[in-house]
Amino acid sequence: MSKNMFKEVDRMPRMVKKTIELDQDYIDTARRIFAVRTEKEAVNKALEMVIIDNQIIETHESLGGKGELIEDVFK
């Protein structure tokens with residue numbers, strides 16, 4: 001596995017201000033799951049996890065997709 005697999009997550013954050021509508025229940029749940037203080041932290045952590053999950057799936061596929069369990073977990 002490449003040591004740069006998580007390079008997007010390891011980089012310095014480029015923060016931008018956004019005005020978007022989000023599901024408050026999702027934000028509250030993410031705050032509890034990640035045990036963070038702010039909604040901003042919860043949303044950023046959730047986005048980070050999406051990127052990591054995608055990288056895991058892409059790496060698995062690049063290895064020939066041996067085994068079906070990982071696809072079942074992320075469906």
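The values are calculated or read from the model by the stated rules, or taken from the named source; none is laboratory data. All values derive from a computational prediction rather than experimental measurement. All Cβ positions, even for glycine, are placed from backbone atoms using ideal geometry, and neighbour counts span all protein chains on display.
Val43 meets each of the listed conditions (1) in a helix (DSSP H, G or I); (2) out of contact with any Leu (no Cβ under 9 Å at 6 or more places or on another chain); (3) surrounded by 13 or more Cβ atoms within 10 Å (Cβ to Cβ); (4) at pLDDT 75 or above apart from (2). Just one of the numbered conditions (1) acidic (Asp, Glu); (2) modelled with pLDDT under 95; (3) under 18 Å from the mean Cα position of the chain (by Cα) is not true of Asp28; which one? The single condition Asp28 does not satisfy is (2). In this structure, is Met1 surrounded by 12 or more Cβ atoms within 10 Å (Cβ to Cβ), among the hydrophobic types (A, V, I, L, M, F, W, C), touching a Ser or Thr at 6+ places or on another chain (Cβ under 9 Å) and at pLDDT below 95? When the stated conditions are applied, Met1 does not pass them.
Kindly check whether there is at least one residue in segment 50-66 that is at pLDDT below 90, polar (S, T, N, Q) and assigned to a loop (DSSP other than H, G, I, E, B). Scanning segment 50-66, I find no residue that is at pLDDT below 90, polar (S, T, N, Q) and assigned to a loop (DSSP other than H, G, I, E, B), so the answer is no. In this structure, does Glu8 turn out to be surrounded by fewer than 12 Cβ atoms within 10 Å (Cβ to Cβ) and either out of contact with any Ser or Thr (no Cβ under 7 Å at 6 or more places or on another chain) or modelled with pLDDT of 80 or more (or both)? Taking the combined requirement at face value, the residue does not satisfy it.
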